[in-house]
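Enquirer: Handing you a structure now.
Every read-out reported here was derived from the displayed coordinates using simple, explicitly stated rules and does not represent laboratory data. Since we're looking at a predicted model, the values are computed, not measured. Don't worry about glycine lacking a Cβ; one is built from the backbone with ideal geometry, like all the others, and counts go over all protein chains shown.
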Amino acid sequence: MPMEITHTTSIGSLSATAARATQAAAPGAGAFAESLAGLVENVEKTSADANAAIGGMVDKTADVHEVMIALQRAETALQLTVQVRNKIVQAYQDIMRMPI
């Protein structure tokens, strides 16, 4: 039975946030929204790769070192995405606090 890694941040909620950003973005902001979507897709891909590596370790077709590297890549990609999200939220809050 392959184990799946789980994260405290829902990837689906990150995807939904990126979708809302795309819909609410100005016409020139499409590249930024695409970058966010690419970042979320990268997290999903590295997570799937890590799950596949765990399955390979259980089947004894993958080396433990490869699995650990895949897990670390997935963790790093998730941490990067969460930090980017935090910076975006902080920037939004700073803009909303500005006097008109």
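Enquirer: Taking amide H atoms as placed 1.01 Å from N in the peptide plane, list the residues 5 or more away in sequence, or in a different chain, whose amide H sits under 5 Å from that of Ala62.
Expert: Met57
Enquirer: Read phi for every residue in region 83-100 and hand back ³J(HN,Hα) as whole Hz from Karplus 6.51 cos²θ - 1.76 cosθ + 1.60, θ = phi - 60°, with x for Gly and Pro.
Expert: Per-residue couplings from phi come out as 5, 5, 4, 4, 5, 5, 5, 5, 4, 4, 5, 5, 5, 5, 7, 5, x, 8 Hz.
Enquirer: At Asp94 and Glu75, where each label point lies 7 Å from the Cα along Cα→Cβ, what is the point-to-point distance in nanometres?
Expert: 3.0 nm
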